[in-house]
C-alpha cells in the first residue's frame, strides 16, 4: 500500500531507496535503513522483525514491509518539524537600522530647514527672506539622506554578492550583521565535518596471513551481500576476484557472512560472530570508537577492518581558523559518543557531545545561548532543523542537506565545505565594517557642510558635493567588498 494513503494498522511496502513516511514496526525478517537524517549517525542501522522504524528513514537494500503504528501528527518527523516552528518563534526580529533612522532624521531636517528660513526674522536686524530661503534650500540639499539610503543597502548587497561568488547564500543582509557578531559556532558531525559516507579507514591484518590474498577473499565473500558494509569493503579493496572458489556461503543476520574456501572456513562480520564460532581474538572491540569487521580464516583470528565516516579534508583547517578568529567551537551529534569524541580529538574541538536526539540538541544550544553569546549552528539533516532555527545564525550544508534544514537556515553553503563557515563570518565582518565606514563618511561630511550652510558659508556647490559626491564615494567603497579575498 502507498504510504501517503496509509492509516494505523496498514502495511506499507518500501522498495530500496524509498523513504518511510510514517512510524511503524518492521514485519519483514530484516532491513537496513539510512537513519542519518533523523539521528545524525552515519552507520546504516539494521532492523529486525518487530523493531520500530521511524518516518524519515531510507530503506537501503531489500524490499521491506512496515506496519503503520502512528498517525503522521504523532511521528518523530512531525515532532521535529514542530520543534522547528517553536524555535523559529523564539528568534527576535532583526531591527532595520535605516528605517528607524529615516523616521527620525527626515522630519528633523525638514523642520530644521523651516527654522533656518523663518526663525532669523525674529533675531536678525536686516532679515532678507530670499537669502535665508536660499540657505534653507542648501541645508535641505546637504541633509538629503541619499548617501545613507544608498550606501547601507548597497554595502549589504555587496556582501551578499561576494558571498554568493564563493558559494555561500545569505537569505538577507541582516544575517551578515548576525554573522559578524558570532562568537560561538556549534556544528553537527555527519555531513558537516564528515563526508557522511561509510568507508574502510584501516585494515589490520595479523602477521602470518597474506594481506592482499585475505582482503581479496573477504571482498569476494562480501560481494554476496547487499549490506552497506559490503559496498565500503568493495570500494576499499577494488575489483572482485571471481576465481576464488566460494562454497556454502551463508549470511547470518546480525552477525555477518560465512563461507568455505578450499576446505577452510572464512568468516567476516562483527566480533559476536567470532564469539558464536568460538574463535578467540586478542583485542577489545569495546575499546574501539568505530565499526570493526572481524576476519577469521581456518578457525584463526586474522584481523579486522575499521569502517567509519571520513573527515572532510578542510575540516581541520576550518576549526584552526575559527580558533584564530577567537570563535569557540562545539560539536553536537546523534552519533555514538565514542565516535564523536574521536572526531573532536582529531579536529581539535574542545567541547563535543554524542548520542543526542533532536530535542537534546535544542537543549544544549539553549544552554550555550544562555551565556549571552551570539551562536551559529551548522547542520544538514532533518534532525538539525530545530537547532538551526533556534540559533542566532542558522547555517545549512546545501549540497547534502535536507530541504527542512535548508528552508529554515539563514545561510546556505552550497558545496558542503566547512571552510566556508569562517569565510561567511569574515564576509559578515568586512561588510559591517564597510557599512559603518559609509555611515561615518556621510555623517561627518554632511555635518560639516550643514554647519557651513547654516552659517551662510556654503554654496550650492558644496551642498551638491555633500549629497551626490558622498553618495558616489559610498558606492565606490561598498563595491570594494566584491574584490576582497576571504
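Worth a mention:
- You can think of it this way: the chain between residue 252 and residue 70 has 62.4 nm of extra reach, that is 0.36 nm per residue less the Cα-Cα gap.
- Taking the C-alpha atoms of the range 99-151, convex hull volume expressed per residue in Å³: 59
- The range 247-298-the range 422-465 distance, computed between alpha-carbon centres (Å): 73
- Globularity index of the range 201-310 is 0.97 (Cα radius of gyration / 2.2 N^0.38 Å, N = number of residues).
- Convex hull (Cα only) mean projected area of the chain, reported in nm² to one decimal: 30.2
- Normalised by the number of residues in the chain, the average gap of Cα pairs under 8 Å and 6 or more apart makes the relative contact order 20 percent.
- Note: the range 186-240, Cα convex hull, 89 Å³ per residue.
- In the calculated pair-distance distribution of the range 296-360, the portion above 16 angstrom amounts to 57 percent of the Cα-Cα pairs.
- Shape call, the range 231-366: gyration tensor on alpha carbons, a/c limit 1.5: prolate
- Alpha-carbon centroids, the range 173-235 and the range 358-379: separation in whole Å: 27
- Per residue, the convex hull spanned by the Cα atoms of the range 319-394 amounts to 87 cubic angstrom.
- Segments 250-258, 304-312 sorted - mean Cβ within 10 Å per residue, highest first: 304-312, 250-258
- Averaged over residues, the count of other Cβ atoms within 10 Å places the peptides 343-353, 408-418, 168-178 in the sequence 408-418, 168-178, 343-353, highest first.
- Among 475-486, 208-219, the order from most to least packed when residues are scored by Cβ within 10 Å on average: 208-219, 475-486
- Relative contact order, whole percent, for the range 201-310 stands at 27, derived from Cα pairs under 8 Å and 6 or more residues apart.
- Potential extension, residue 338-residue 310 segment - 0.36 nm per residue separation minus Cα distance: 8.6 nm
- For the range 175-215, no residue has its backbone nitrogen under 14 Å from a point 7 Å from the Cα of residue 239, taken along Cα to Cβ.
Since every read-out is calculated from the coordinates, none of them should be taken as a lab result. Computed from a predicted structure; not experimentally measured. We place every Cβ from the backbone using ideal geometry, glycine too, and count neighbours over all the protein chains shown.
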